[in-house]
Amino acid sequence: MSPRSMSPHRLTFALQLLVTLVVAAFLLVPAGASILAGFTANYFRGLSSGLTLDWVKEVLKLYSDTIGFSIALALGTLAVTLVLGVPAAWALVRRPGRMARLVEEVVTLPVAIPGLALALALIIAYGGFREFRMSPLFILVGHVLYTLPFMLRSVMAVLAAVDVRTLEEGAASLGASPLQRFFHVVVPNAKGGILAGALMVVTLSIGEFNLTWMLHTPLTKTLPVGLADSYASMRLEIASAYTLVFFVMIVPLLVAIQMFGLERPLKTRAQTPTKANRGPPLIAGEQP
Amino acid sequence: MTSADRLARLFLLPLFLFVAAFFVLPLVRLVAVAGGGPNGAMEYLAILTNPRHLQTLISTLLLSAAVTFATLAIGTVVALFLARNSFPGRALLVSLLTLPLAFPGVVVGFMIILLAGRQGLLGNATQALGLGKWVFAYSMGGLFAGYVYFSLPRVLVTLMAAVDKLDPNLEEAARSLGASRLHVMRDVTLPGIAPALIASGAIAFATAVGAFGTAFTLATRIDVLAMTIYTEFTLNANFATASALSLALGLITWGVLALTRSLSGSGVAAAG
């Protein structure tokens, strides 16, 4: 027990410990079982049937196109959110006010609306444009819509915290043009926010299902779409091995986000709180 | 206007165009299509006037409320425990517990199938214990478990941060003044983390109402709003109803989040 806690009441302590252990088991045992099943020759007969890499190989054979497509899509989404988001974040931070608030509010709205509804709206508006509907660009638009707020807010939070306006004034007095100031003062100072935002965008894009399921075509299947497919039609070992591949892709990204999440609040919270300074665990707004 | 102002406008333009073309316009179309069906503008109220949809709405809201309540109750116990006890491996446990944060709904559905499906761990364990086989993955119970699964990590992150910021002196003062453990909990600790409870509760509720992937993986026969919209749109090609229900769904989730944010101030919206 840490010294700051009240003198331990044994029963309360035991109950709390029990609940915590049950929660940990609830969250982690299925994930562990899934990982194990991906390596087990026959899950229903158990580990005694032996360990194998065959299922993973089978997944790579059957679904490697979805894995490649998801990675390409995530990188494309990242590129677009960087181009749209970083300059806009600077523009919104340098003139805080009602207008900036309104823009931020509208851009952030897609996070508060279920992906299913967003996808339906996109299909109704653009489903008739066949070329666009069938191309990977259609899914890209959905992913950008959904991830852009995370990039925007992440960069805005950092820019508001480092007081980029003062730095810019310094550069301006030395004769730097606005564009030079953006690339040589603003972007380097926003590096932390850009990196954190980029991690979020890539993680969310790789895991996105609700929008993607509605927007995908047989030629534009992402990893989560393939997962849903395998859960419905493949044997449990293959579904597990496929989930394992997904974990291998997503867990390093999550760990990186956690490392950022732990250090960022300390840095930003010390500053005067601003509207943009809503701080990290933005990921909490993600929709499963 | 300075040259920097001009650059700022130029920088905002692509964002404006993107949001106008791919968010505002589609939403306007959604509203138009919802009201352009055979029932006209009455379709907007289909969620309330059609008994089947109303029933679905009620069960979705009840399920989400139950998930929110359960997640907050469990989350508070675990957050208090983890924030106030130090033991070896604590940091690892905390980060493991928050990992499922970004599992998509389909993967969460699969986790529940492994846990409580036909060949699930729970069923095998209860069978071995002679209690019969527990299989509830493909029902409302499975959906409940799935939604708790993806809400818990989010709630935990927010609550642990809130508990960390509580001033332990307040609780000690209350104790030294003779308050019982239960009273301290009720009068000091819970009010202290109330803003975090409200904020993370709102997020848990909104995500549960709008969640689709988990229901999609577990069963197509469970009637929750997201599944109804999906079937109306893809199987019945009933675009007006699907659009009207989507609007209702979006209004509910956005409304819950906006309401809690305005109630508790922008500070707590940090979690959203």
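All of the numbers you see were taken from the coordinates with simple rules; none came from a lab. Remember, it's a predicted structure, so these values are computed and weren't measured experimentally. Don't worry about glycine lacking a Cβ; one is built from the backbone with ideal geometry, like all the others, and counts go over all protein chains shown.
Descriptive notes on the structure:
- Taking the charge dipole of chain A about its Cα centre, with +1 at Lys and Arg Cβ atoms and -1 at Asp and Glu Cβ atoms, the residue from A:Ser230, A:Met134, A:Val248 reaching farthest to the positive side is A:Val248.
- Taken as Cα centroids, segment A:23-94 and segment B:121-178 sit 25 Å apart, rounded to the nearest whole angstrom.
- Measuring nothing but alpha carbons in chain A and taking Rh as the Kirkwood radius, the Rg to Rh ratio lands at 1.05.
- Fewest-first ranking of B:Leu166, B:Leu15, using other Cβ atoms within 10 Å as the exposure measure: B:Leu166, B:Leu15
- Per-residue shielding of A:121-129, expressed as the average number of other chain Cβ atoms within 10 Å of the residue Cβ, stands at 6.
- Over chain A, dividing the summed -39,500 (n - 2.57) contributions of all DSSP H runs of at least 4 residues by the number of residues returns a 222 nm mean residue ellipticity of -25000 deg cm²/dmol.
- Cα-centred dipole magnitude for the protein assembly as shown, charges only on beta-carbon of K, R (+1) and D, E (-1), debye, nearest 20: 540 debye
- MRE, 222 nm, helices only [DSSP H, n ≥ 4, -39500 (n - 2.57), over chain B, to nearest 500]: -24000 deg cm²/dmol
- Rounded to the nearest 20, the Cβ-based charge dipole of segment B:50-271 about its Cα centre (Lys and Arg +1, Asp and Glu -1) stands at 300 debye.
- Translational diffusion coefficient (Stokes-Einstein; Kirkwood radius from C-alpha pairs) of chain B at 37 °C, 0.692 mPa s, in µm²/s: 152 µm²/s
- Radius 10 Å from Cβ of A:Tyr242, net charge of other residues (Lys, Arg +1; Asp, Glu -1): -3
- Nearest-ten-degree value, helix A:98-112 long axis tilted from longest Cα axis of chain A: 10 degrees
- Förster radius 56 Å - calculated FRET efficiency between A:Phe183 and B:Leu129 (Cβ-Cβ, nearest 0.05): 0.30
- Packing-based order for B:244-251, B:125-132, A:248-255, using average beta carbon neighbours within 10 Å, highest first: B:244-251, A:248-255, B:125-132
- Inter-chain Cβ neighbour average for residues B:203-215, partner chain, 10 Å: 5
- The label point for A:Ile35 and the one for B:Leu92, both projected 7 Å from the Cα toward the Cβ, are 1.1 nm apart.
- Per residue of B:119-129, other chain Cβ atoms within 10 Å of the residue Cβ number 1 on average.
- In this calculation the C-beta distance from B:Ala73 to A:Ala232 is compared with R0 = 25 Å, giving a FRET efficiency of 0.15.
- Orientation-averaged projection of the protein assembly as shown equals 28.8 nm² [convex hull of Cα atoms, one quarter of hull surface area].
- Working ranking of peptides A:150-162, A:20-32, A:224-236 by packing, defined as the average number of other Cβ atoms within 10 Å per residue, highest first, is A:150-162, A:224-236, A:20-32.
- Of the residues A:Ile124, A:Leu11, A:Leu167, the one whose Cα sits farthest toward the positive end of the charge dipole of chain A, with +1 on the Cβ of Lys and Arg and -1 on the Cβ of Asp and Glu, is A:Leu167.
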